[in-house]
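The values are calculated or read from the model by the stated rules, or taken from the named source; none is laboratory data. The structure displayed is predicted, hence computed values, not measured ones. All Cβ positions, glycine included, derive from the backbone under ideal geometry; neighbour counts span all protein chains shown.
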Amino acid sequence: MAEIAVVTSNMRLYYRVIQELRDEGIPFISVKPGETIPSEIKCVITSDVEKNSTHHPKILTVDAKDTSTIVPKLRFLLNMDDAPITLVTIGVDPGKTYGLAVLVNDNLVDVYKAFSSKNAAKIIEKILKAFPAVRKIIRIGTGSPLYYRQLLELLNNVDAELELVNEFETSSGPRATKDTKAALAIAKKKGYKPQEFEKLQEVKKGTIKHIQKMSRQASHGRITINEANALKVARGEISLDFAIASQKKKGTRKDS
């Protein structure tokens with residue numbers, strides 16, 4: 001059953017709005033201005049000019065020049081109370097596919113998928129525009145250094161706090177949902193400012209050698225993990241046992 005009514009005589013706005021709704025699979029009905037709005041309707045979408053002649057407790061006004069923020073705003077209006085927006089948090093799981101999760105006042109409002117860092121940055125800009133808030137935080141997972149650094153560079157001048165979150169143990173579930181589930185976990189986990197995070201990742205050479213020595217001892221001299229895996233162990237991203245098992249699969253026994 002449709003809970004959304006589109007009420008406007010502006011045909012340009014009408015077609016743009018219904019396209020956004022159809023793309024997201026959101027059912028709606030069309031009501032002519034002045035007609036009675038059915039009681040089951042929970043939110044009305046209309047233009048700024050027509051909102052004063054539209055009688056409904058929840059009205060979303062839209063500009064025909066930019067309808068890209070309709071869906072997140074709509075979901076917020078349908079699922080949240082009328083409390084002012086004090087905090088918007090965006091969690092990002094970078095990779096070949098970027099998963100994004102949006103929390104408004106700590107409540108999940110929407111999830112997205114992006115297929116490039118540029119696309120992810122545009123979605124983030126759209127979200128921040130849709131939800132003006134006292135505080136805005138973007139939390140980016142660090143499981144894929146190449147991808148998170150690409151996005152971080154694109155967000156260099158964004159009007160929001162940036163945090164980097166250790167992504168270890170935030171990914172789970174089927175591939176179809178893993179990215180957005182991880183993004184939600186990242187959004188809820190406090191991170192570090194980019195400069196602080198990079199300092200934490202600096203691991204001394206002696207520490208790497210010590211962990212490699214530990215891997216030889218744990219495997220009774222059969223396995224020496226490579227520097228890349230030793231670095232991950234030092235950062236707490238994987239366990240020593242996991243690193244040894246991974247190295248064993250590759251059949252690599254020499255120091256790297």
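Quick rundown of the values:
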| item | result |
| --- | --- |
| Number of the exception - TYR112 against (1) at pLDDT 90 or above; (2) crowded, with 19+ Cβ neighbours inside 10 Å; (3) aromatic (Phe, Trp, Tyr) | (1) |
| Per-region count, the range 137-180, residues modelled with pLDDT of 85 or more, outside any loop (DSSP other than H, G, I, E, B) and of a type outside the set (S, T, N, Q) | 18 |
| Condition met for ARG235 (basic (Lys, Arg), over 32 Å from the mean Cα position of the chain (by Cα) and surrounded by fewer than 18 Cβ atoms within 10 Å (Cβ to Cβ)) | no |
| So ILE238, is it under 30 Å from GLU161 (Cβ atoms) and in a helix (DSSP H, G or I) | no |
| Options LEU103, LEU60: the member that is surrounded by 17 or more Cβ atoms within 10 Å (Cβ to Cβ), touching a strand residue (DSSP E or B) at 6+ places or on another chain (Cβ under 7 Å), assigned by TED's automatic domain parsing to the domain that holds GLU35 and part of a strand (DSSP E or B) | LEU60 |
| Failed condition for GLY91, given (1) at pLDDT below 85; (2) in contact with a Lys or Arg (Cβ under 6 Å, 6 or more places away or on another chain); (3) not in a loop (DSSP other than H, G, I, E, B) | (1) |
| Pairs where the first residue, in the range 68-80, is of a type in the set (D, E, K, R) and the second is assigned to a helix (DSSP H, G or I), C-beta under 9 Å, 6+ apart | LYS73/ALA130 |
| Looking only at the range 1-52, and only at residues there that are outside any helix (DSSP H, G or I) and charged (D, E, K, R), the one that is surrounded by the most Cβ atoms within 10 Å (Cβ to Cβ) | GLU50 |
| Within the range 54-77, tally of residues that are aliphatic (A, V, I, L, M) and either closer than 16 Å to ILE123 by Cβ or within 20 Å of the chain's Cα centre (by Cα) (or both) | 4 |
| Condition met for SER30 (more than 27 Å from the chain's Cα centre (by Cα) and without any contact (Cβ under 8 Å) to a residue 12 or more places away in the chain) | no |
